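The values are calculated or read from the model by the stated rules, or taken from the named source; none is laboratory data. Since the structure is predicted, the reported quantities are computational estimates derived from the model, not experimental observations. Ideal geometry is used to build each Cβ from the backbone, glycine not excepted, and the neighbour counts take in all protein chains shown.
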Amino acid sequence: MVDEITRQTVTYGTYKQTLGAVLGDLTVKPLTGIPVAVAALYAFWSVFTSFAGELVTDGFMVKFFDGLWLPWFQAIWPDPGSWHYFLFIGNPAADTCFEAFGMLTSGLFVSVGVVLPAVFVFYLMMTLLEDSGYLPRLAVLMDTVLHRIGLHGYAIVPIILGLGCNVPAVTATRILETKKQRFIMMTLLAIFIPCGAQLGIMMSIIPDLIGVVILCLIIGFGIFGFVLNKIIPGENPEILVDVPPYNWPVKEYVIKKLWNRTKSFLKEAVPFVLLGILFVNLLYLGGVIQGLANLFEPVFVTWFGVPKETVGPLIAAFLRKDLAIAQLSIIPMTAYQMVASVVLVTIYFPCVATFVVMLREGWKELIAAIAVLFVVVFIYGGLIHAVGILLGVA
Amino acid sequence: MEHVDMKQENDRKITPLGFYFALLGLATLLFGMADILVWAGIRPGIEVGILEIAGDDFFRWAWGGFVMVCAGIFMLAGSARVETLQQSAKVVLGGVLVWVIAGTDIFARLCVAIPAGEASPAFLNSCSGFLTEFAPPYTPAMLLIPFTLGIVYLIRMHANDDS
């Protein structure tokens, strides 16, 4: 019977290597695979900046929101000195939506004009990498490096997802085997991985300094990952990865994935940005931000080397980090202060949506992650300030 | 014994196709090095005929230049005995890296060409304005595209082998 089943189900033949298979092998061998990974990241970032930055935001959205939307609201909304004008339209003398900081001006500009195109193109590129079969190869390639910080190759999935949005990235940490790995990944995600929304807004506000900010985050990711791996008890097992052959992504699947991911972003992010601006403006009106700024002035000015006005954006960062970075853009600062405050906003408390997902993963882990986070913000913020002083820029 | 020696000699032989890819690899390598050197400030910028290396941006010229250098090395490494599957794959991989850089350069031009620009009251660029964005000078990777099409021949050759 076994022979009969074997005869009917098993096909014998000579294995012949194909060009696709050899190319697949070359992309996992370090000597050839690392340049390919560098090229893939280059393409990823280049398409991201060209589409989201040059084409959609700078090409159309800035013109529409600053040239038509803001002047129209400023003209029709009554009483520029009133509280409702401050909440919904913002600064009556503003020329751009970044400066206005009203719920209907900056709120819509940030969420629809800047962040939506960034998130859309990020998810498109991510889906193409995933469906072409390149992502598992990247996991194999990154395995050795990620083992040094207590993770394994498949940690590249939450890391890349986190560059889009930290919410699905925290959920994706479940693909890691041990509690130790999941904790390290979740903590590093919450602290050092900027989401697509943040990247989009950074690209609009500090295009010349974004490289320095990313470099600070990568260094911090490596240092604190290494330290966490040393101090947290637990295992870091090896993995066996099934690497599929390269495929052309199927159009229908790409569209479906893209739509689902963008839809969930629209549902979660847009209300948060609008309500976030409303909440922060209410705090400004009530004098709470001014009070907190005065209270934390010694820490911000002396320890971190940034102006005390950054307290407001840090409070907004809990609601939406992209919103906070947009708010930073209207505070007069030096280049160093801008880099330091953007890094601080990024590594500071995770946004509320990420916070909720982390809570779902376990309250003990969340409290431990937050404790680590406060220590990291304090140490790393001070370290950046020290480097700034040594370089003579702070 | 004599048969084995002849086979090894044939294996080592650089065919016209291999010679072509060696030249292409060398040109790609030199262009990549030039991208990096111009970015590093060795020269203020190169513009020769329809070729331009501006070198004004780390991402495009240093990072992109590194990718071009790797592409050149892959093509050079695969040019000897290029008809074999393993060697062809190296050349194809080098070509794909050049296409990645050239493709992103073309996409960047397209993204700049579609909107009308800050000064204009219109949103969309005019037809002539759109076409002007695609006028020379071009980056080295864009200029190399027609020459890398030889790689399509290698892909087809091995596709026939597979069938």
TODO: Kindly provide the set of residues from the range B:124-147 that are within 14 Å of chain A (Cβ to nearest Cβ) and either surrounded by 15 or more Cβ atoms within 10 Å (Cβ to Cβ) or touching a strand residue (DSSP E or B) at 6+ places or on another chain (Cβ under 6 Å) (or both), ordered by number.
DONE: B:Asn125, B:Gly129, B:Phe130, B:Thr139, B:Ala141, B:Met142
Open item on the list: Taking the condition of being buried (at least 20 other Cβ atoms within 10 Å of the Cβ) and of a type in the set (Ser, Thr, Tyr), how many residues in the range A:135-159 meet it?
Closed with: 1
Open item on the list: So for the range A:231-240 (the condition being farther than 30 Å from A:Val145 by Cα, in a loop (DSSP other than H, G, I, E, B) and of a type outside the set (S, T, N, Q)), does at least one residue qualify?
Closed with: no
Task: A:Phe265 being within 18 Å of A:Phe109 (Cα to Cα), of a type in the set (Phe, Trp, Tyr) and over 20 Å from the mean Cα position of the chain (by Cα) - done: no
Open item on the list: Would you confirm whether or not the range B:77-85 contains a residue that is away from every other protein chain (no Cβ under 12 Å), touching a residue at least 24 places away in the same chain (Cβ under 8 Å), within 20 Å of A:Val22 (Cα to Cα) and hydrophobic (A, V, I, L, M, F, W, C)?
Closed with: yes
TODO: Scan A:Val376, A:Val342 and give me the residue that is crowded, with 19+ Cβ neighbours inside 10 Å, over 16 Å from the mean Cα position of the chain (by Cα) and within 19 Å of A:Phe224 (Cβ to Cβ).
DONE: A:Val376
Open item on the list: Suppose the filter is more than 8 Å from chain B (Cβ to nearest Cβ), in a loop (DSSP other than H, G, I, E, B), surrounded by fewer than 21 Cβ atoms within 10 Å (Cβ to Cβ) and among the polar types (S, T, N, Q); does A:Thr14 pass it?
Closed with: yes
Task: Top-ranked residue in the range B:40-50 [being free of Cβ contacts under 8 Å to residues at least 40 places away in the same chain and at positive phi; ranked as farthest from the other protein chains (Cβ to nearest Cβ)] - done: B:Gly45
Task: Residue satisfying all of: in the range A:253-311; of a type in the set (Asp, Glu) and over 30 Å from A:Leu128 (Cα atoms); surrounded by the fewest Cβ atoms within 10 Å (Cβ to Cβ) among these - done: A:Glu297
Open item on the list: I need a count of the residues in the range A:81-102 that are of a type in the set (A, V, I, L, M, F, W, C) and either crowded, with 22+ Cβ neighbours inside 10 Å or in contact with a His (Cβ under 6 Å, 6 or more places away or on another chain) (or both).
Closed with: 5
- [ ] Pull up the range B:51-76, narrow it to residues that are within 21 Å of A:Lys29 (Cα to Cα) and of a type in the set (Val, Ile, Thr), then point me to the one that is nearest to the other protein chains (Cβ to nearest Cβ).
- [x] B:Val67
- [ ] Search the range B:18-40 for residues being more than 17 Å from the chain's Cα centre (by Cα) and not aromatic (Phe, Trp, Tyr), and hand back the single one that is modelled with the lowest pLDDT.
- [x] B:Ala40
Task: Hits in the range B:34-53 - residues which are surrounded by fewer than 22 Cβ atoms within 10 Å (Cβ to Cβ) and part of a strand (DSSP E or B) - done: B:Ile46, B:Glu47, B:Val48, B:Leu51, B:Glu52
